Every structure is written in structure tokens, then in C-alpha cells.
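Engineer: One structure, as C-alpha cells, below. Some questions next.
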């Protein structure tokens, strides 16, 4: 009797639950489709990659660092120390002699206790981020430059840009079947190429112009909250086309900046690499939480 | 409140709109269900064209000049808008035509997809206009009154709401005009005031009407188990053949869909199955399915003419 009276009250919620579970499962959240299983395997795989990619560690070549920072380094820091020094001590604010060497950073003269590594980055003390939600930039790396403050000059420099989606080759089973044909055999959409760069231009400007010149498809979206363009797709390979953790990332001189590509001002001789990640950056050496 | 319509008018309301409407509601509902699902899901250009043409011709058969006017004055601009708006937001596609002022590419594929999506939208809307003409609320309640009594009553009341509201607003506005308080009387401010009064009357009326309908249905014992409902529909030979035909078409098109015989993609390049014996058989079957009511109506009309001339 009770069952006869209330069966629909039980059958209907059960059906709804089954439908929801099925859509969750087949919607890409199933283990193996970039979800739970990969989460476990990621932890050991990250650990060895981290010291070299860690922002506090020494960059691959000293020359590049000089270009970015444009200021002399203390000799102790120039020695590749990532084997011995923990990233945390490395990432701490500059030692006092380093600060004293800078002529321009007088007014804000950060006290040693302040966690901001760079005196010119305005960080909200409550959130620990700047007004575009960027965490403090690791020491020795260029600060974000707001595109609306920049006047593009006429002085021409050169930089190197490359676009690669080699990680898709390892994840072809996750790739959208309609997009497989787009993936080049060697993964290079654009091999490292010397391009002209005008003074004050951002990584985004360079990418956009290069794609137009090379007839490579590129779609972006402006995200005001980060004050930057977000690259949704290059060469018709879009974010989320290879699993839920996929999308485009960029690095300059081997470092994945922790801010958007419109805010990264390119310098003469910089090496820009656009790479497609299938695992939130862990498969290209710039993990999701890089820098924190 | 309810004024009884003159007998001849009531006859018109009771009469079926066309021969297809005279079939069992199961057939009507199954047909519209199949056609709507296929129109929404099959994005092959041939399928879209078939669906649009068939839906328009059926709507014109049912509603005559009104359907033509509606599709020209609403559908055409809507399709135009949709095919313009899509490339403004969607920049995917391998064929870059030019660059938009914002810096994103304008691609051929996004224009094609906009056209396809707007065709799909227009054909679905046209099918629904035929659906409301054929599937009257009594047919709907006949089909679902036993299985889901509360929901089917709510649905039929909701579907009836807009036409009923329009009719009632006419009545109220005419009554107000008699005492000089219509939205067309007086100064601009007075007109607005009168309009708001009429709106307030209408909202009160619709709330009260909904409760009255629910109470009325309850007092008649609607939805109580064991209670039978009068219905004028029967399921005879022609309904059986129609059901077999609809199931055959549905299964054949679904199987073609499942094996990829109707495959078409718009991104990153627009392409899909071309013209082969199998795809053509699926398209033909789809066309036959979509034209089913028109064929039935034509046959009915011919029979009627022949019988008339034989007298």
C-alpha cells in the first residue's frame, strides 16, 4: 500500500539521480578523462620537474635573466643554486644590498617583512594580490605592465616566437575527433621564428600580428578582471578540446608568467613560446600553481 | 464570465483543422515529437532544408495567409539576425575571410553555422505553430491525463494561457472603452494610468481564473484513480498504418543517424557525408516523414472532391 501510494516519489528522484550521474560521467568527468586518475599520477611527476621550473630558481641561462631584470645581480644568486636552496628561501624578498643597488625604487622601499618581492607592484595586503588578481611576481621576473598605460613606440626589435601543440600527440585519445586532423605530425604549429617587435608591445600583440601574417587562426577574448586577453584557440585548437584540463599557455625565456599575455611587455631578444597543455600546465613544465 | 459562443462558431472549434488532425492524438503527438527532435538534432544542410520546407508548407496549409505573413515578417528577420550574430561571437573555423574590428577573425564556417542554426530555429518554431493548431489541449489531456494528471493539466493551462489572456484583454479593454477608460482614451498620462489599471485587472483575473480552473477540475474528480474520462478518439485501421509508418521512419532515420549516415560538421571545416545511395535514402525517408500530414491532407481533399462530384 505504502509503495503503491508513494512509488513515484521514489522512482522519480532515482531516475533524476541516474540521469545526472550519467551526464556527469559522460560529460568528461569520468576517471581517466583528465579527472581523478590523473590527479594521483600528477603528484610524483611534478616533483622532479619543479625545481628547474620554479620561478625562484635560476633561469636556464644567465644572459636571459639580465635582459629581463636589467639590473646587476648579486654574485651569489647568479650561481645555479636550485640543487641546494629551497625555492622558498629563494623567493623571499631581495636582500638589502640588492635593494640599495636600485636607483629608481626609492619611494616605496619595501621593508623586509613585506611579502611583495617587487616594490613597484601594488599588492592589496588583504588578498595578497594586485588589483587584477595577480599574485606577487617572483623576484627577478618582469612585472606586469598594464596595456592601457603603454604607448607603442616605433623602435623595432626582434624576438622569437613559436607555437607548439606537441602535448596533444601524447593525448590523442582525449582529443576531440573533429580536431585530430589539425594536429601537425611534429606538434609545431609555428616553428621558432624571428619576428619584429615594436617597443612596448606585449606578448599578445606579437602573437596577434604573427598569426595574422602567417595566416594562422587565433581567437581571443578580453577578460577585464585580469586586464588581459585570454587566448581561447590557435589554429582552431581550442581550450578544452583535449580533455577538461587543456588550453593554451605561454612562456617567455622559459618562464610561465603568472599574469596575462597582454600585460607581459616583450624585450628585445625574448623567446616567446606558446604551448598547448592537456593537464593544466603540468605536462609542459608550468603547473597550475606555479609560483605559489 | 464565459460567454457561450454561437453554435456555428462552436462547430468550427470542434472541427478538425485538417485530415491529419482527425487521426488519433497518439499519431499526432508522435509525428510532432519525431519531427521536432530530428529538426533540432540533424544539422545536415539537406535535413535542415527538408525540415524548413516541409514545416513551412504544412503551416501554410493549416494557417494560410497568416503563416506566410508570420514567416516573412518574423522568421526572415530572425534568421537574418541569427546568421549575423553568430559570426560576431563565434570565430572558429579554418577559412578566414577577414578580420573583425576587435581583432578576431571572421570565418566562413561561423557564417555557415549561423545560417544552419537560424534555419533550425525557424523550422522548429514553424513546427510548433503547426503543433499548437493540431494538438489542442483536449488531445494533450487525453494523452497524458491518466499518466501525469497534475502535470498535464498545468501544461495545458499554461499553453492555453497566452491565447486566453489575449482574448480576455480584448474583453476588458472593450468594457473599459465604454466608460471612457481605455488605453486609447485621454491624455498620455491618463492613457498610461488606464493601461496600468487594465493590466492590474488582467493579473487579478488570471490568478483567480487559475484557481477557479483548478478548483473546478478538483470538484469533478479529475485525476482520481479509477475515474474514466470521456474521449471522442478511437484507434482504427488508418491510425494503425500511420503508426507503423511513423515508427518505420523514426527507426530508419535514427539508425542512419547512429551509423553516421547523416553526419555533418561545421568546425573546423564544414563538411559531412555527401551524396551516396545511403544518405539519399535517409534524406528521402526524412522528407517523406516530414510531408506525412500534407500527403494525408491531399489524399483526404481528393477523396472529398471525388465524392462530391460523384453526387
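Each reported figure results from applying straightforward, stated rules to the coordinates on display, with no laboratory input. The structure displayed is predicted, hence computed values, not measured ones. When we count neighbours, we look across all protein chains shown, and the Cβ atoms used for this are built from the backbone with ideal geometry, even at glycine.
Engineer: Treat each spin label as a single point 7 Å out from the Cα along the C-beta direction, and report the residue B:146 to residue A:196 distance in nm.
Structural biologist: Modelled inter-label distance: 8.0 nm.
Engineer: Using only atoms on other chains, find how many Cβ atoms lie within 10 Å of each Cβ of peptide B:102-108 and report the average.
Structural biologist: On the way: counts 3, 10, 7, 7, 0, 3, 0.
That average works out to 4.
Engineer: Another question, if that's okay. Within 10 Å of each residue's Cβ, count the other Cβ atoms and sort A:19, B:154 from fewest upward. Please list the in-between numbers first.
Structural biologist: Numbers: A:19 10, B:154 13.
In increasing order of surrounding Cβ atoms, one gets A:19, B:154.
Engineer: Taking a ≥ b ≥ c as the square roots of the eigenvalues of the Cα gyration tensor of region A:157-290, is the shape rounded (a/c under 1.5), prolate (a/b larger than b/c) or oblate?
Structural biologist: On the way: a/c = 1.67, a/b = 1.41, b/c = 1.19.
Verdict is prolate for region A:157-290.
Engineer: Residue B:291 to residue B:269: FRET efficiency via 1/(1 + (r/R0)^6), r the Cβ-Cβ distance, R0 35 Å, to the nearest 0.05?
Structural biologist: For residue B:291 and residue B:269, the calculated efficiency is 0.60.
Engineer: What whole number of Å gives the distance from the Cα centroid of region B:233-311 to the Cα centroid of region B:22-45?
Structural biologist: So the separation of the two Cα centres works out to 10 Å.
Engineer: Cut-off 19 Å, label point 7 angstrom out along Cα-to-Cβ of residue B:247: give me the residues of region B:34-63 whose amide nitrogen falls inside.
Structural biologist: It comes to B:34-35, nothing else.
Engineer: Among B:276, B:64, B:114, whose mean-square fluctuation peaks in a Gaussian network model of chain B (Cα, cutoff 10 Å)?
Structural biologist: For chain B, modelled as a Gaussian network with Cα springs under 10 Å, the answer is B:276.
Engineer: Starting from 0.36 nm per residue, how many nanometres of slack lie between residue B:157 and residue B:258 once their C-alpha separation is accounted for?
Structural biologist: Working: separation 101, 0.36 × 101 = 36.36 nm, distance 3.70 nm.
That pair, residue B:157 and residue B:258, stretches by 32.7 nm at full extension.
Engineer: Moving on to the next point. With a Förster radius of 45 Å, plug the Cβ-Cβ distance of residue B:237 and residue B:80 into 1/(1 + (r/R0)^6) and report the FRET value to the nearest 0.05. Before the final figure, lay out each step's value.
Structural biologist: On the way: r = 46 Å, r/R0 = 1.03.
Between residue B:237 and residue B:80 the formula returns 0.45.
Engineer: Moving to a separate point now. Quick check: residue separation of residue B:167 and residue B:298 times 0.36 nm, minus the Cα distance between them. What number comes out in nm?
Structural biologist: Full extension from residue B:167 to residue B:298 adds 43.9 nm.
Engineer: Go ahead and run the numbers for FRET between residue B:177 and residue B:227, Cβ-Cβ distance against an R0 of 51 Å, rounding to 0.05.
Structural biologist: On the way: r = 44 Å, r/R0 = 0.87.
Efficiency for this residue pair is about 0.70.
Engineer: Something else now. Going by how many other beta carbons lie within 10 Å of each one, how would you line up B:62, A:17, fewest first?
Structural biologist: A:17, B:62
Engineer: Taking the beta-carbon count within 10 Å as an exposure proxy, list B:92, B:109, A:221 from fewest neighbours to most. If you can, show how the numbers build up before the last one.
Structural biologist: Details: B:92 18, B:109 24, A:221 12.
Going from least to most buried by this count: A:221, B:92, B:109.
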